[in-house]
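Here's the structure, in C-alpha cells; my notes come after.
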Amino acid sequence: MEQFFKDPSIYTFVRGPLLWLAFLVFFLGIFYRIATTLREAKKEKIVYPYLSLRYTLRSLFRWLIPYGSISMRRHPWFTAITFLFHICLIAVSLFLVAHVELWYESWEIRWWTLPVSLADGMTLIVIFCIILLILRRLFQSDIRFLTSSSDYLVLTLVALPFITGFFAHHELVLEYKTMLTIHMLSGEIMLMAIPFTKLSHMFMFFLTRAHTGSEFGAVRHSRDF
Amino acid sequence: MEFKRKPVTDIGIDETLKRFDEDKIKRAIDWVLNREASARLKVFVETCMRCGMCTTSCHHYLSHDQDPTYAPAGKVKQTIWDILNKKGNVTKEDIKKYARIVFSECNLCRRCVQFCPFGIDIAYLLSVVRRICCLIGAVPQYIQDQALSHMQTTNMLWFRQDEWLDTVQWLEDELKAEIKDAKIPVGKKNAEVLYLAHGLEAKYMTGLLTNMAKIMNVAKIDWTVPDTDGWDYTNKAFYACDFETMGKIVKTHYEVAFRLNVKKIVMGECGHAFRTGIYEGVRYLGWKESPIPYIHGVHFFYELLKEGRIKIAKKIEEPVTIQDPCNIVRYRGMGKMLRYIVSQLCENIIEMTPKDDHNYCCSAGGGMIDAGPAWKSARIEGGKIKAEQIKDTGAKIVIAPCHTCHKGIEDLNEYYKMGVHVKFLTDIIADLMEIPEEMKP
Amino acid sequence: MSNWDWDTREKVISNLNEWKEKFNSVDEILVSPDFEKIVAIVTTQEGKTFCINGETWKNTFERLCFPQITSVGSVICLALRNYEWTLAKDDTVMEETFDYAWNLKTNKDSKSIAFNIKKGDSYGVCLDGKTWDTLFFDARDLILSDDGKHTASYVRVENPPLLDIFSFKKGVWTVAVDGNRWDKSFISIYGACFSPDSKKIAASARLSQQEFTVTIDGKTWDEIFLNVWEPIFLDNDNVAVPVKTEKGWTLAINGKVSWPYFTQLWHQRLSPDGRIAAVVATEFGKWTVALDGNPWKKTFSHCVLPPFFSVDGKKICAVIKEGNTWSVAINGKPWERGFDRIWSPQLSPDGNYCIAKAEKEGTYFLVLNGQIGKETFDMLWEPKFSPEGDKILFGCIKNGKYIRKVLSLSEVLK
C-alpha cells in the first residue's frame, strides 16, 4: 500500500486530473443538488409563495452567529465545539499557505494566508473537535440512539484530510510525499462526497433556513431561533 | 435504547390493521412518499445531522426521564427514517408503532423546529407519517369517529342541524335574563362578524357560547352565527391528516361567510381550528392567506379592549399564569396580544418559564386529547414538565385560551395535584366586564 | 318586472324610527323584490310578529325564524307557537306543526314552499304542507326542484352506536328524494342538485378516504377521483363537476376530464349561451375566472366569488378580492376602485353596464361601471336594472326612512 502511494505517477494523478475531477464533482454536484431541490420545492406549492428575504436573513444571522439562538444558548459546550470546528475547518481549507500555493502554481492567483503555526493549531482543533463529536455520539444517549455507521463514516471523511495533512506537515508516520499524496486524495474524496452525503448540509443549511425562517417570521410572526 | 411502552389497545389502529393485507400499507406509503411529499421531506431527512439539538426542546422527552425514544429526532428515526430505510416494506407491527408515536407522542407543537440549527420541520415529518396512517385507516378510534362526523355534518359530534339551531335559540332565551333584549342572530346577512363555535360549546360547554354571546351583545357587535352546517369551527380531520375532509370543512366555513356577506369570521378560543382556518385548510384549497379575515378569540378580545368597546369593572387579584397555545402563539405570534388582555383582567401575573413562543405545549394538542381515553395516560405523562412549570409559578389560575390546552391542563391539574383553576378568557371577560345600566333587564 | 313602478322617482315607504319607538325590537329587516315593501320581525306586547310597511300581522308568535320575501312578494317564515314549529305565510299559519322546522326554501316561481322538519326523533321534509311519508334518523339540508314538485335531503340510513367507526366507514348517508332513499349509502354525500326538468338529481359521493365520484339518481359514475366538489346539470342529461386528479383540479363532464388542470377549480356556472365559467386558481394564491377552460389573464390574490353572466352570456362578471379590498371584474378587467365590501353585481340587459352595492367605512353607496355613486346611504339594498336597462331601482334607508328610488343611469353618478 505504502509502495502504491510512493509511486510518483500517483502523486501526479492526485495533484492533476483527480483534483480537477474533485472540484468538478464538488461544484457540479452542489449545483445539481440545489437545482433539483429548488425544482422539487416547486411541487410543494407552499414553499416559494411565502419566502421572505428579510426573514431568511434574520434566520441565517441568528444561526450563524455564536449563541444567536435559544438552542445554542441551551447547549453552550456543543455550540462552542461546532463553531470552533466549522471555523477552523473552513479557514484551514481556504487559507493554509500550502493550499494557496497550489492555487498560485496552477492559476497564479494568491490570497491572504494563515500563519503556519496558527493553521497548525487550528488543524489540531478540528481533529480534537471531531474526537469530541465522536465521543458525544458514543456516550450521549439521545445522540447514540440517532447515530448510525454512516455518521461515523462522514466524520472520518472529514477527519482524514486533517490528520493526514498534519502528519505530512510534521513528516510523521510516513515519508512526506507519500503522506501528502494520501492527504490530497482524502481531501478530494471529501470534496466529492460533500454534495452527496450528509456533508451537503454545508449548502442545504441555507435552503432549509430560508424556508423555515420565512415561515416563522413572515407568516407565523414568531421566532425560529 | 429500546422502544418500551405500556400496551394500549385502540381499535382504530389495532382492529383496522387486522382487516387488510400489507399490500395496502405499501400502496399508501408509495402514494404519500411519491405523490404527495416532495422536496421538504427529502431535504429535511437528508439534512438532519443527528446533532441532538432538538432533544431537550421536547416536553415528551423531558417528561419521560430523558428517554431518547421520545426525543424529536428519535421519533423521526423510529418512523419516517424507518419507512425510508425499509423502502416502504413495513409490517403491520411497524405501522402500529408508527401510529403510536405520531398520534400519542408528538403534539405537532413545532417547538423542536425552533431548536434545530437547520430549521428542520420535524412536525411536518411526523405529519407525513400521520398521513400514511390515515390512508391505511390506522387512526385512533376517537379521532376517526370525529373525522367521520365531520365528513358529512361538518361538525365534530354528529350533531343534527336542528340541534345547533335549537341550542342557540334557548341560549338566547337564557341570556335575556342577564342582558335586556340579548340576541344571538342566526344566519343574518350582511352582519360584520360571523361567529363560529366549538362543537362542544353547542352541547357540553354551552356556558362558553353564552358568555361569548354576552360579550358580543355588550360590545354591540353586529354579528351572526351560521344557520346551516359550518357553525362548528373544529376540524378534527386535520389531526388524522385527512386533508380531503379538512379542506371541505374550511371551504364550508368560508362559503358561509361569503353567502352571508360578512366582513370577517371570528372564532373562539381554540388552537387547531385557527391553524386549519388560516394555514392548513386554506393552503390545501389553494389560498395563500385566508380570503377574508379569520380572527381568533384572543385577537378579537384584544381589539375590543384596545378600542374600549368593553370595559372591565374589576380585576382578578389571585396570581395567574398564562398558557401560550402553540397554534396561536408559536404559530401566529399572539403572545403580546394575549398578555395585553390578561394585564387588563388580572392584577398579579406570574409568567411561566419558558414563555411566549418558546413555551411548552400542554401535551394535549395536535390530536392527543382527541385520540380518546386510551391515550390519556400518554398525554398526562408527557405533560409532567408542563405541570411542574405551572406549579413553579405558584399561580392559582391558569389562563388557557384554547379548548385543548384548557382540558389538557385540567387533566394535568387533577393528576399532578397542581391546585389551579384553568380559565378561558371568554369566561373571565364575561364575568368581569361592565354591563351598562340600560342593558340590564 | 315590467309591471313595476319605474316612473316614481322617490317614494318614502315607511319611517323606521317610528317602528323603533313603537316596538320593543325591530330585527331581520327585509325588502320585497320590487322594493315596495319593507318588512321586519318586531316584538309587541303579545309576542313576535311581522311589521310590513308599518302594518303588523294579527298573528303573534314566540319566535320567528328564517324570514323571507318570495319573488312574488309573500312574507314567509318558520314560526314557534305553543312550543311547536310551523310555517307562517302572509299572516296565515299552517295547521300542521313540528318539533322543529328549518331550511325554509321556495322554488323558482315561489309557488312551492319547503323546509326540513323534525317530528319526535325523526327527520324529513315538508313540501307545501305535506310531510314525507318516510322519516329518517337525520335529514340535513334541503334541495327543492325548479318545478317545486320534488324535494331531497341527505339522510342517515344506518344508526350504528357512537364510535363504531367500522360501521360508519361503510357509509351511513344517502339522498332521499320525496322521502324515498337511494339504495346505496356513502360516508359522505353532498352538493345535490336537480336537473332543469326536475326529473333527475345528481350529488357528489365519497366512497372512501380518497375515492370520490358523482352519483345520479343513486347510480355512481365509473370514474373515481381523488376529490370532487359540487356538480351542476348542464342540461337534463349532462353533469359537470370539479374533480381532483393527480395532475390537479379540472372539470369533468359525465365523468370525462374536459378542462385543463388548475390548482383549484370550483363554482362552475353555465352561461345563457351554453358556455361554462368557473372560479379557478391558476397557481397557488392566484385566483381568476376560466371560461371553457381558458382562464382570464388577470388573477387576484385573495379570492374570486362565483361568476355571473349577462343575458346574452357575452359578459361575465365576478366579485374579486385583491389584497384587502373587494371589487368587481368584468371579462377579466377589474374595476380600478376597491371597497370594504361589495355585493353581487347586476349586469344591464345589454351587458354594457354593471352596478353593485358597496360599503366603505360603514357607509353604503352604488357603484356603476366602477364609478362611485354620489349619494351615500345608511343602508342600501342591491339595485336592479329596468327591463330596458335605462333605469335602476333600489331601496335604501336614509335618516331612518325607507325610500324606494328610481334613477336614470346618468343620475347615479351625478
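The values are calculated or read from the model by the stated rules, or taken from the named source; none is laboratory data. Since this is a predicted model, take the numbers as computed values, not measurements. In this analysis, Cβ positions are derived from the backbone assuming ideal geometry, glycine residues included, and neighbour counts consider all displayed protein chains. Areas reflect the complete protein model, heavy atoms only, side chains present, ligands, DNA and RNA absent. Shrake-Rupley method; radii C 1.70, N 1.55, O 1.52, S 1.80 Å.
So for chain A, averaging the separation of alpha carbon pairs under 8 Å that are six or more residues apart and normalising by length, what relative contact order in percent results?
Result for chain A is 34 percent.
Identify all aspartates and glutamates with a Cα-Cα distance to C:K219 below 13 Å; exclude those on the same chain that are fewer than 8 residues away in sequence.
Reachable aspartates and glutamates: C:D183.
Just the number, please: buried accessible area between A and B, total of both chains, 1.4 angstrom probe, nearest 100 square angstrom.
What A and B bury together is about 4300 Å².
Each residue of region C:87-97 in turn: what ³J(HN,Hα) in whole Hz from Karplus with 6.51, -1.76, 1.60 and θ = phi - 60°, glycine and Pro shown as x?
9, 10, 9, 6, 6, 10, 10, 5, 6, 5, 10
Rounded, prolate or oblate for region A:40-171? Axes are the square roots of the Cα gyration tensor eigenvalues, ordered a ≥ b ≥ c, and the cut-off for rounded is a/c under 1.5.
Oblate shape, in that a/c is at least 1.5 and b/c is the bigger or equal ratio.
Report the far tail of the P(r) of chain C, meaning the percent of Cα-Cα pairs longer than 41 Å.
I get 23 percent for the Cα pairs in chain C exceeding 41 Å.
Roughly how many Å² of A:L135 are accessible to a 1.4 Å probe, to the nearest 10?
80
How large is the accessible surface per residue of the protein assembly as shown, computed with a 1.4 Å probe and reported in Å² as a whole number?
40
With a ≥ b ≥ c the root eigenvalues of the C-alpha gyration tensor of region B:35-155, is it rounded (a/c under 1.5), prolate (a/b larger than b/c) or oblate?
Verdict is prolate for region B:35-155.
Any idea what the relative contact order of chain B is, in percent, if you count C-alpha pairs under 8 Å spaced at least 6 apart?
About 17 percent, as a whole number.
Mind checking which lysines have their C-alpha under 21 Å from B:K97, skipping anything on the same chain fewer than 8 residues away?
Hits, sequence-local ones excluded: B:K4, B:K6, B:K18, B:K24, B:K26, B:K75, B:K77, B:K86, B:K87, B:K376.
Largest first, please: the extent of the C-alpha atoms of the protein assembly as shown along each principal axis, to the nearest Å.
The principal-axis extents, from largest down, are 113, 65, 59 Å.
Would you work out the relative contact order for region B:156-303, in percent, from Cα pairs under 8 angstrom that are 6 or more residues apart?
Computed value for region B:156-303: 25 percent relative contact order.
In terms of the Cα gyration tensor, with a ≥ b ≥ c the square roots of its eigenvalues, is region C:142-265 rounded because a/c is under 1.5, prolate because a/b exceeds b/c, or oblate?
oblate
Along the Cα→Cβ direction, 7 angstrom out, place labels at B:D23 and C:S408. What is the inter-label distance in nm?
7.7
Have a look at region B:27-44 and report residues whose accessible surface goes down by 20 Å² or more when the remaining protein chains are included, against the chain on its own, probe 1.4 Å, ligands and DNA/RNA excluded.
Listed by number, the residues meeting the 20 Å² cut-off are B:W31, B:R35, B:S38, B:A39, B:R40, B:K42, B:V43, B:F44.
Could you tell me how far the Cα centroid of region B:366-441 sits from the Cα centroid of region C:264-334, in Å?
The distance from the Cα centre of region C:264-334 to that of region B:366-441 comes to 46 Å.
Measuring from label point to label point, each 7 Å out along Cα→Cβ, what is the B:D65 to A:F4 span in nm?
For B:D65 paired with A:F4, the spin-label model returns 5.0 nm.
For the protein assembly as shown, which whole-number percentage of the solvent-accessible area (1.4 Å probe, protein heavy atoms only) is attributable to carbon and sulfur atoms?
Ligands and nucleic acids excluded, carbon and sulfur give 55 percent.
How big is D for region C:312-400, in µm² s⁻¹ as a whole number, if Stokes-Einstein is applied with the Kirkwood radius of its Cα pairs at 25 °C and 0.890 mPa s?
185
So what's the projected area for chain A, the Cα convex hull averaged over all directions, in nm²?
Taking a quarter of the hull surface, the average projection is 14.7 nm².
Put simply, what bits of region A:146-163 lose 30 Å² or more of accessible area when the other protein chains are there, versus the chain on its own (1.4 Å probe)?
A:L146
Set the Förster distance to 56 Å, then compute FRET efficiency between B:E2 and C:S25 from the Cβ-Cβ distance, nearest 0.05.
The calculated FRET efficiency here is 0.25.
Region A:85-140: which GluC sites (Glu not before Pro) are DSSP loop and have at most 12 other beta-carbon atoms within 10 angstrom?
Listed in order of number, the matching sites are A:E108.
Looking at region C:142-194, which chymotrypsin sites (Phe, Trp or Tyr not before Pro) are in a loop (DSSP not H, G, I, E or B) and have at most 16 other Cβ atoms within 10 Å?
Here no loop site has a sparse enough neighbourhood.
If R₀ is 60 angstrom, what is the calculated FRET efficiency for the pair C:Y261 and C:K149, using the beta carbon separation as r and rounding to 0.05?
According to the calculation, E is roughly 0.95.
Which cross-chain or sequence-distant (5 or more) residues have an amide H under 5 Å from the amide H of B:N348, H modelled 1.01 Å from N in plane?
Residues meeting the amide H criterion: B:V320.
Just to be sure I follow: if Rg is taken over the C-alpha atoms of region B:311-432 and Rh is the Kirkwood radius over the same atoms, what is Rg/Rh?
0.95
In region C:1-89, which chymotrypsin sites (Phe, Trp or Tyr not before Pro) fall in coil by DSSP and have 13 or fewer other Cβ atoms within 10 Å?
Those that pass, being in a loop and sparsely packed, are C:Y83.
Can you return the lysines within cross-link range of C:K405? Criterion is Cα-Cα under 19 Å, with same-chain partners fewer than 8 residues away left out.
C:K11, C:K37, C:K357, C:K374, C:K384, C:K391, C:K414
Treat each spin label as a single point 7 Å out from the Cα along the C-beta direction, and report the C:E388 to C:Q45 distance in nm.
5.2
Rounded to whole Hz and in sequence order, give me ³J(HN,Hα) for region C:200-205 from the Karplus expression 6.51 cos²θ - 1.76 cosθ + 1.60, θ = phi - 60°, writing x for Gly and Pro.
10, 9, 10, 8, 8, 10
List for region C:59-79: residues with 20 Å² or greater reduction in accessible area, all protein chains versus chain alone, probe 1.4 Å?
SASA drop of 20 Å² or more in region C:59-79: C:R63, C:F66.
Please work out the Cα center distance from region C:115-134 to region A:151-210, rounded to the nearest Å.
Region C:115-134 and region A:151-210 have Cα centres separated by 79 Å.
Percentage of Cα-Cα pair distances in chain B greater than 34 Å, rounded to whole percent?
Summing the P(r) tail past 34 Å for chain B gives 31 percent.
Compute the longest continuous run of chain B that contains no exposed GluC sites (Glu not before Pro); treat a site as exposed when its DSSP state is not H, G, I, E or B and it has at most 11 other Cβ atoms within 10 Å.
B:3-306
Please list the non-local residues whose amide H lies under 5 Å from the amide H of C:K200, H modeled 1.01 Å from N, same-chain partners needing a gap of 5 or more.
Sorted by chain and number, the residues that satisfy this are C:S195.
What FRET efficiency comes out for the pair C:D217/C:E158, r = Cβ-Cβ distance, R0 = 22 Å, nearest 0.05?
The computed FRET efficiency comes out at 0.60.
As a test of reading the structure, rank C:Y100, B:Y340 by solvent-accessible area (1.4 Å probe, protein chains only), most first.
B:Y340, C:Y100
In whole angstrom, how far apart do the alpha carbon centroids of region C:155-220 and region C:43-76 sit?
Taking the Cα centre of each part, region C:155-220 and region C:43-76 sit 37 Å apart.
Name the residues whose placed amide hydrogens come within less than 5 Å of the amide hydrogen of C:F136, ignoring near sequence neighbours (fewer than 5 apart) on the same chain.
Excluding prolines and chain starts, which carry no amide H, the hits are C:Y123, C:G124.
Kindly write out, for region B:406-421 in residue order, the coupling ³J(HN,Hα) from the Karplus curve 6.51 cos²θ - 1.76 cosθ + 1.60 (θ = phi - 60°), rounded to whole Hz, with x marking Gly and Pro.
3J(HN,Hα) across region B:406-421, in whole Hz: 4, 5, x, 6, 4, 5, 4, 4, 5, 6, 8, 6, 7, x, 10, 10.
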